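Written out below as structure tokens is the structure these notes cover.
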Amino acid sequence: METIGQQLQAARERKRISLETAAQATKIKAEYLAALEANKFDHIEAPVYVRGFLRIYAEYVGLDPKPLVNQFNNLKSAESAALAEPPKPIIHRPIGKTSTSVLPDAQTPLSPSLLFALLGVVIGVLLVIWGIWAVFGGAGKTKSEPKSASKPAASATPAKAAAESYMKPKGVGPMLIIEPPRAAAHSLTLRADEPCEVTVTVDGAVLFRGNMPRNEVRKFDANRTIKIKVNDGNAIHAWYDQKDLGKLGRRREQIDKQF
């Protein structure tokens, strides 16, 4: 199966278009287009920009952007799964004549879960010993010393203080939670009924700025907000989250709207 970059490069070369020409037409830097064709997606700031550039570039060279975006999402999911999976321990076995003798337990590596279980058993035993000592020590002290009404009661027994100290582990850092990539929360589809100048900003980043010719259709996905500027509101027909909004305004009306 061809990579994302191979498909984009082959489509561009079939149209005999240079990277500089493609950069001028799509308003995307040539270095970003080169990174897409080389599958070096980490050279672009964030995955949301990669998805936006893939859609614009794929439409420009005549490809369906949806399979390319899905292929990129699968790559990110595989990278996240590889980071989340712990490395398997390497067991070195001697080369040569084997022996039927069993290795002593000291040479068998202990798993982290077994170590935590043993630590819990040790802590439980210590708590029981401490509690027994506190009970019998407190009873002996009660017999030897009479109660006094003027003496304030102790705020906490040694057993309770020890239990609280064991229940509050020290030096434990925050857990690392890796979430799978989420689908875009919102989408905006634009169709140019007449040629017009359009600027689209997705989640604070400008993904498109230029002229949309007649009958051209563009789709933008966002996690938070989409902002659009149009020099002719009557020239653009819009759909937001698959809801038909109709024309954005009147003829030659300047539109500056945020979704």
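The values are calculated or read from the model by the stated rules, or taken from the named source; none is laboratory data. Owing to the predicted nature of the structure, the values given are computational and were not obtained by experimental measurement. Neighbour counts run over all protein chains shown; Cβ positions are idealised from the backbone, glycine included.
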| request: Go through the residues of the range 98-106 one by one and say whether even a single one is more than 22 Å from Leu33 (Cβ to Cβ), modelled with pLDDT under 60 and outside any loop (DSSP other than H, G, I, E, B). | output: yes
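Rundown of residues vs (1) within 25 Å of the chain's Cα centre (by Cα); (2) modelled with pLDDT of 55 or more; (3) not small (Gly, Ala, Ser), yes/no style:
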| site | (1), (2), (3) |
| --- | --- |
| Lys151 | no, no, yes |
| Ser155 | no, no, no |
| Ala183 | yes, yes, no |
| Leu190 | no, yes, yes |
| Thr199 | no, yes, yes |
| Gly204 | yes, yes, no |
| Glu216 | no, yes, yes |
| message | Out of everything in the range 59-86 that is of a type in the set (Gly, Ala, Ser) and at pLDDT below 90, what residue ends up being surrounded by the fewest Cβ atoms within 10 Å (Cβ to Cβ)? | response | Ala82
| remark: Picked from the range 3-18 (must be of a type in the set (A, V, I, L, M, F, W, C) and within 31 Å of the chain's Cα centre (by Cα)), the residue surrounded by the fewest Cβ atoms within 10 Å (Cβ to Cβ) is Ala10
| said: Against the condition farther than 23 Å from Phe220 by Cβ and not hydroxyl-bearing (Ser, Thr, Tyr), how does Lys27 come out, does it pass? | reply: no
| Which ones in the range 29-60 are assigned to a helix (DSSP H, G or I), hydrophobic (A, V, I, L, M, F, W, C) and within 22 Å of Leu75 (Cβ to Cβ)? | Leu33, Ala34, Ala35, Leu36, Phe41, Val48, Val50, Phe53, Leu54, Ile56, Ala58
| query | What number of residues within the range 1-28 are part of a helix (DSSP H, G or I), of a type in the set (Ser, Thr, Tyr) and over 20 Å from Pro67 (Cβ atoms)? | reply | 1
| task | Go through the range 224-242 and give me each residue that's within 30 Å of the chain's Cα centre (by Cα) and outside any strand (DSSP E or B). | result | Arg224, Thr225, Asp241, Gln242
| task | Could you list all residues from the range 3-14 that are among the charged types (D, E, K, R) and either in contact with a helix residue (DSSP H, G or I) (Cβ under 6 Å, 6 or more places away or on another chain) or in the same structural domain as Pro213 (by TED's automatic domain parsing) (or both)? | result | Arg12
| Counted residues, the range 27-50 - those being under 19 Å from Val198 (Cβ atoms), in contact (Cβ under 8 Å) with a residue 60 or more places away in the chain and either out of contact with any Gly (no Cβ under 8 Å at 6 or more places or on another chain) or among the polar types (S, T, N, Q) (or both) | 1
